[in-house]
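*Asks:* Pasting in a structure now, in structure tokens, and then I'll have a few things to ask.
Just so it is clear, none of the values below were taken in a lab; they were calculated from the coordinates. It should be emphasised that the depicted structure is a prediction, and the values quoted were computed from it without experimental measurement. Ideal geometry is used to build each Cβ from the backbone, glycine not excepted, and the neighbour counts take in all protein chains shown.
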Amino acid sequence: MKATLQPGIKARFSYQIPVEKTVPHVYREAAEFQEMPEVFATGFMIALMEWTCVKALEPHLDAGEGSVGVHVDVSHDAATPVGFEVTVDVECTEVSGRKIWFYVRAHDGADMIGEGYHQRFVVEWERFNKRMADKAAKKAAG
């Protein structure tokens, strides 16, 4: 991590909602989701917030580093129809070692649709990928 990673860094990202990011597309095998309306799904809203945090972090990480989401505490307060553009604003509120906290907000041009906090953990991809390979090997070995 670079010394520039400090509280106060911000990012904004906008995304137009396609039908593939609606509730029936979260788990296509779930009949319960198939019965729900085609509105922006909470899971995809959270992922959009995470994506924006990743974008905020990118210039402040060293080569070979990335981040993984480790905590989410957000509300989803208003439904968003297909075709609306959702804008997410994030601000880093705390840097504690490799743990990074963000305040996140999403607006669809008509309503503030969600807000809260998200925590990411900075990782070295080579080390992370080795741990995942070791975990998979351990499971395969029984």
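*Asks:* Going toward the positive end of the dipole of the chain, with +1 on Lys and Arg Cβ and -1 on Asp and Glu Cβ, which of Ile9, Gln119, His60 do you reach last?
*Replies:* His60
*Asks:* Related question: Among Pro37, Thr93, Phe128, whose Cα sits farthest toward the positive end of the charge dipole of the chain (+1 at Cβ of Lys/Arg, -1 at Cβ of Asp/Glu, about the Cα centre)?
*Replies:* Result: Phe128, furthest along the dipole toward the positive end.
*Asks:* If packing is taken as the average number of other Cβ atoms within 10 Å across a peptide's residues, how do 117-126, 27-36, 10-19 rank, most packed first?
*Replies:* Top of the packing list down: 117-126, 10-19, 27-36.
*Asks:* Can I ask one more? Read through the labelled values [x] 99; [y] 131; [z] 115 and report the label of the one computed as volume of the Cα convex hull per residue in Å³ from the structure.
*Replies:* Matching the structure shown: [y].
*Asks:* Could you sort out which of Lys55/Lys99; Lys10/Lys130; Lys55/Lys139; Lys55/Lys130; Lys99/Lys135; Lys2/Lys138 sit more than 26 Å apart by Cα distance in this structure?
*Replies:* Check vs 26 Å cut-off fails for Lys10/Lys130; Lys55/Lys139; Lys2/Lys138.
*Asks:* For Arg127, Arg98, what's the fewest-to-most ordering of other Cβ within 10 Å of each Cβ?
*Replies:* In increasing order of surrounding Cβ atoms, one gets Arg127, Arg98.
*Asks:* Which order do Phe44, Phe102, Phe128 fall in if you start with the one that has the fewest other Cβ atoms within 10 Å? Don't skip to the end; give the middle numbers.
*Replies:* Details: Phe44 20, Phe102 25, Phe128 14.
In increasing order of surrounding Cβ atoms, one gets Phe128, Phe44, Phe102.
*Asks:* Calculate the dipole size of the chain relative to its Cα centre from +1 charges on Lys and Arg beta carbons and -1 charges on Asp and Glu beta carbons; express the result in debye to the nearest 20.
*Replies:* Taking the Cα centre of the chain as origin, the dipole is about 820 debye.
*Asks:* On to the next question. Output the peptides 47-56, 104-113 sorted from most to least packed, where packing is the average of other Cβ atoms within 10 Å over each peptide's residues.
*Replies:* Working: 47-56: 20.5, 104-113: 18.0.
The peptides rank, most packed first, as 47-56, 104-113.
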